[in-house]
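**Student:** After the structure tokens below, expect a handful of questions from me.
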Amino acid sequence: MPAGLIALALGGFGIGLTEFVIAGLLPEVAADFHVDAAAAGWLISGYALAVAVGAIGLTAAVTRLPRKTVLLGLMVLFILGNAMSAVATSYPTMLAGRLVAALCHGAFFGIGSVVAASMVDPSRKARAIAIMFTGLTAANVLGVPFGTLLGQQFGWRSTFWAITVVGVLALVGVAVLVPGEGSSAVGGAGLRTELHAFRSGQLWLSLAATVLGFGGMFGAFTYIAYTLTGLSGFPAAAVPWLLILFGLGLFAGNAVGGRFADRSIDGTLLVVLAVLAAILGAFALLAAQPVAAVVALVLMGAFGFATVPGLQLRVLRSADDAPTLASGANIAAFNVGNALGAWLGGLTIAAGLGYASPLWVGAAMTVAALVVIALAAGGRAGLFRSGRQASTVSGVSNGIPTIRG
């Protein structure tokens, strides 16, 4: 395994901490800045919106630059944003720090995916992407509980200082361990060539599958504390420990999903999405049974995150020889899916359909993603064609297998 993948995973770990740890510290932050819960919530929702903007806008702005140089610049931006949050003396400054840190999130994972895939043999590309995303899953399993504990014991600012230190370590790791020759710029054509990739019907189908598939899982997860306490009967104090189990499921699913996606992207996604839809439906039906709820929670995390390497690699391949902006767009699609799933789940709860209703929404979205992948796989097999849809992998360009129609 190339050492550069560890540096990318460490960057992903820091970014995952920045995104998720704020949820456990929100009451303390709100009290410090004398704002209500709704205003404090913008530290989370504003971050997500900035991720989507940065994933496309910032990636588009740097298409002519060497990828390693860009990754280093993004880590500097990450360090700056978290340091701003740590020293913030007002709510607007805190929010600004969150937004600055968020801008690097989508571009780092988008460009990092391309770099990770370029560092290994073609048969191991999905696994390389999975290793980078392991940092994100580790942030959920270990970083968020310990980051929350640190903030509660020594003040929430200490958590953001710790994340800043992680960012510095990741910056050094990328500088030393990521090879420059494996992270070259995207040809010489720049943004125009990158935009041409969006003429691919397969790319748009892949992005749609990301929105629906990952959004289905995350929409269900958004309200999982209400499901576990309101339906399964767990006390609120048990929820953090149950979320650690969920995080372990994420970790395992990410690793296994990457391994199987290297064998067959579409085949893996079809199986994983079908099983995930069944798990979400079963969870909705059995949520009142504590043991069944815990099993379903772990499996939801495992199969939900097992889609990530395959979805990301599918976008890279669908983008032909201009994968960088498309990769960033897929990171944006993950976040759009998160927002869409959470919004639809919230609507069903507000409509009085109960705390199991987000699980049904998630199941429906996952089935829709399954249909999209089935259509896309049919297109690759020659059952129908659209734009630059392709049927075979014919070569390698910039470290990514290219697909020719």
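Coordinate-derived values only; no laboratory data. Nothing here was measured: the structure is a model prediction, and the numbers come from that model. When we count neighbours, we look across all protein chains shown, and the Cβ atoms used for this are built from the backbone with ideal geometry, even at glycine.
**Student:** Just to check I understand the Karplus step: with θ = phi - 60° and J = 6.51 cos²θ - 1.76 cosθ + 1.60, what whole-Hz values come out for segment 25-34, glycine and proline as x?
**Tutor:** 10, 4, x, 5, 5, 4, 5, 5, 9, 6
**Student:** On each of the three principal axes of the Cα atoms of segment 1-66, give max minus min coordinate, whole Å, ordered largest first.
**Tutor:** The principal-axis extents, from largest down, are 44, 28, 13 Å.
**Student:** Next question, about the same structure. Assign one of three labels to the chain, namely rounded, prolate or oblate, based on the Cα gyration tensor with a ≥ b ≥ c the square roots of its eigenvalues; rounded applies when a/c is under 1.5, prolate when it is not and a/b is larger than b/c, and oblate otherwise.
**Tutor:** oblate
**Student:** Sticking with this structure for a sec: In a Gaussian network model over the chain where Cα atoms closer than 10 Å are linked, find which of PHE334, PHE283, PHE234 has the largest mean-square fluctuation.
**Tutor:** Answer for the Gaussian network model of the chain: PHE234.
**Student:** On to the next question. Taking Rh as the Kirkwood radius, which is the inverse of the mean 1/r over Cα pairs, what is the Rg/Rh value for segment 196-405?
**Tutor:** Across segment 196-405, the Cα-based Rg/Rh ratio is 1.02.
**Student:** Would you mind computing Rg(Cα) / (2.2 N^0.38 Å) for segment 56-176, counting N as its residues?
**Tutor:** That works out to 1.14 for segment 56-176.
**Student:** Comparing GLY180, GLY258, GLY54, which has the greatest mean-square fluctuation in the GNM of the chain with Cα pairs linked when under 10 Å apart?
**Tutor:** The residue that fluctuates most here is GLY180.
**Student:** Next question, about the same structure. Find out how many positive minus negative residues lie around ARG259, taking Lys and Arg as positive, Asp and Glu as negative, among other residues whose Cβ is under 12 Å from that of ARG259.
**Tutor:** Taking every other residue near ARG259 into account, the sum is +3.
**Student:** Which residue, GLY301, GLY219, GLY379, tops the fluctuation ranking in a GNM of the chain built on C-alpha contacts under 10 Å?
**Tutor:** Ranking GLY301, GLY219, GLY379 by mean-square fluctuation puts GLY379 first.
**Student:** Now a separate question. Taking 0.36 nm per residue of separation and subtracting the Cα-Cα distance, what length does fully extending LEU80 through ALA61 add?
**Tutor:** Additional length available on full extension: 4.9 nm.
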